[in-house]
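The structure appears right after this line, and notes come after that.
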Amino acid sequence: MNDSYLFISDIHLGLQSPPVEKRKERLLVKFLYHAQEIGKELFIVGDLFDYWFEYKRVYQKGFFRTLTALQDLIENGVKVHYLIGNHDFMHIDFFKKDIGASMYDNPIDIVLDGKRFFIGHGDGMVKNDMGYNILKKFMRNKFLQKAYSLIHPDIGVTIASSSSKSSRDYTSKKDYGEQDGLFDAAKMKIDEGFDFVLFGHLHKRCYLQYKNGVYINLGSWLDAPCFGLYKEGKFEIVDWN
């Protein structure tokens, strides 16, 4: 019975060694076909790919099994929401037009079974991350992306891969303080009336109650593959191994 809302984040396809990537994609594809059986809607909460750059008539090589599984999922009636992260932001329209996913550049406010969710990747939402927010506006500028698309794909994808590594190194070395800055952001959203605030980005799985709401971080498939499951008012993080 397809009555569950499913959530995944920070898979980072393309980051690790070929054998690890093959195993990771195999797990992901199995999950996507499992989602056909139980899912009503699937939310990809950013960084499905470690980097993604798409040209008008070309998209990057690899992971066709994932792309096919996503299209099959949608054609079988499961709505897919793809919230763009800080690694896979260079999309044009392939996922929307060819696969059928709903694409979002920014966090979304959505009601699921009567509960209000605030869902976003989480990048740029920590208070002391002004440097990244400036870089984010620069990197996501549509004019600059269009100019970048004039570069030959072999060169463009190589630069995108290098940029992705730099972004990951920046995030890993950034001192956000002892407290989870995204939890602070989540508290503000819960104070605004949200029941659930859901992020990825930090690669730290957590489920924290605050007043009448809950802050959830989905962790990362780099450490322990998992997915979020919301059904009948209950949210849980399920290991997928």
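Here is the figure for the range 188-224: residues that are assigned to a loop (DSSP other than H, G, I, E, B), under 19 Å from the mean Cα position of the chain (by Cα) and surrounded by 20 or more Cβ atoms within 10 Å (Cβ to Cβ) total 7. From the list Y82, Y104, the one residue that fits, being touching a residue at least 12 places away in the same chain (Cβ under 8 Å), among the aromatic types (F, W, Y) and touching a Lys or Arg at 6+ places or on another chain (Cβ under 9 Å), is Y82. State yes or no: is S17 modelled with pLDDT under 95 and either surrounded by fewer than 17 Cβ atoms within 10 Å (Cβ to Cβ) or of a type outside the set (A, V, I, L, M, F, W, C) (or both)? Here the answer is yes, as S17 does meet what is asked.
Of the listed requirements (1) modelled with pLDDT of 95 or more; (2) surrounded by fewer than 18 Cβ atoms within 10 Å (Cβ to Cβ); (3) out of contact with any Ser or Thr (no Cβ under 6 Å at 6 or more places or on another chain), L229 misses just one: (3).
Any residue at all in the range 104-118 that is modelled with pLDDT of 90 or more, closer than 19 Å to W221 by Cβ and surrounded by 18 or more Cβ atoms within 10 Å (Cβ to Cβ)? No. Within the range 99-125, the set of residues being more than 15 Å from the chain's Cα centre (by Cα) and assigned to a strand (DSSP E or B) comprises D109, I110, V111, L112, K115, R116, F117. Against the conditions (1) touching a His at 6+ places or on another chain (Cβ under 6 Å); (2) over 17 Å from F227 (Cα atoms), where does D47 fall short? Just the number, please. (2) is the only condition that D47 fails. Of the residues that make up the range 31-40, is at least one at pLDDT 95 or above and over 18 Å from F7 (Cβ atoms)? Checking the range 31-40: not a single residue is at pLDDT 95 or above and over 18 Å from F7 (Cβ atoms).
Do any residues in the range 212-237 that are free of Cβ contacts under 8 Å to residues at least 40 places away in the same chain and of a type in the set (S, T, Y) have Cβ atoms under 7 Å from those of residues that are crowded, with 16+ Cβ neighbours inside 10 Å and not in a strand (DSSP E or B), where the two are at least six apart or on different chains, and which pairs are they? Hits for this filter: Y215/F183; Y215/A186.
The values are calculated or read from the model by the stated rules, or taken from the named source; none is laboratory data. All of these numbers come straight from a predicted model, not from anything done at the bench. Backbone-built Cβ (ideal geometry, glycine too); neighbour counts: all protein chains shown.
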